[in-house]
Amino acid sequence: MRLPIFGRKSRPTPVPSVWPELVRASLTGGSGPVRSYDVLVRDAYLKNPIAQRAVRIVAEGAAGAPVRSNPPDHPALGLLGGGEPGPALIETIAANLLLHGNAYVEVGLGASGLPVALYSLRPERVAGVGLDCIGVALVAAAAAGCAATAPVYALGGDHETRLDAAVAALGCAVVTEPRPGDLLVLAPGMGRRHLAVLTDCGVVHAHAGVGRVVEGPCDPAWTLVAAWRFPED
C-alpha cells in the first residue's frame, strides 16, 4: 500500500505575461523539444551545490521539528519508529517534496493486516501512481463532492464528444466566464484536448514536459474550447 504525500508551495506572486515564454525557454534550453524530467533535475540540482545545500538545510530542519498528534497517543506515532527512524523518514519526505513536488511512503503491513512500518520511496521510480489530465479532473470533481469514476479512454487525441458527455454526467454546467475552480477544456494543438483546473495563479494540470502536476500560467498558444463548473451546494 502506497501513501502519497503531496506538498504545495505558497501561492506565487502574479507574474507578467512574458513568464510562459521564460518557462518554455527554460524547459527547452531556448530551442528544440522539451527536455526530460531527469535532465531538468540533473541540471537544476545535481550540478548545483547551492541547491543541494538549500535542500539539505530545509530537510534537516523538518526532521528536527517535534512531531505531535491529536490525540497525543495516536497509533500513527508508533509507525515512525517501525521502519526507517522517524527523523530520517521525515527528512527524506521533505527532500522529495522539495525536489519532485511529491513524496511516497510504502506502508508495511503486519500479520494482522494493520500498518506496522513506513518506508520512503523514490518518487521518480514510483510507477502507476501518477495523474494525467483526466486524473486531475477526477481529483477536482471528488473535491467538489461529485461521485466520479475514471472512464475508459486512450491517451492523446480529441475525444470531444465522449469528454463532454463524461463531464456533463458529473452534473457540471457549461459557463462562458470561467472562475477559479472551474474545469477547462483546452486545445494544445489540432485534434488534441487537455483538461486543467483554473486557479488564481493560472491553471493546475498534468504537464507532459516535466512529468508531473503543476500550477502556473496557461500556455498562450492553447485554445480554450469550453469551461465547466462543478455542481455547487
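Throughout, read-outs are computed from the coordinates displayed, never taken from laboratory work. Fair warning: this is a prediction, and the values are worked out from it, not measured in the lab. Because the Cβ atoms are built from the backbone with ideal geometry, glycine has one as well, and the counts that use them run over all protein chains shown.
A few comments on the model shown:
- Residues whose amide H comes within less than 5 Å of that of Asp182, counting only those at least five positions distant or on another chain, are Leu198 (H built at 1.01 Å from N in the peptide plane).
- Footprinting exposure proxy ranking of Ser112, Ser69, Ser120, fewest other C-beta atoms within 10 angstrom first, gives Ser112, Ser69, Ser120.
- When each of the peptides 56-65, 172-181 is scored by how many other beta carbons lie within 10 Å of its residues on average, the order from highest to lowest is 56-65, 172-181.
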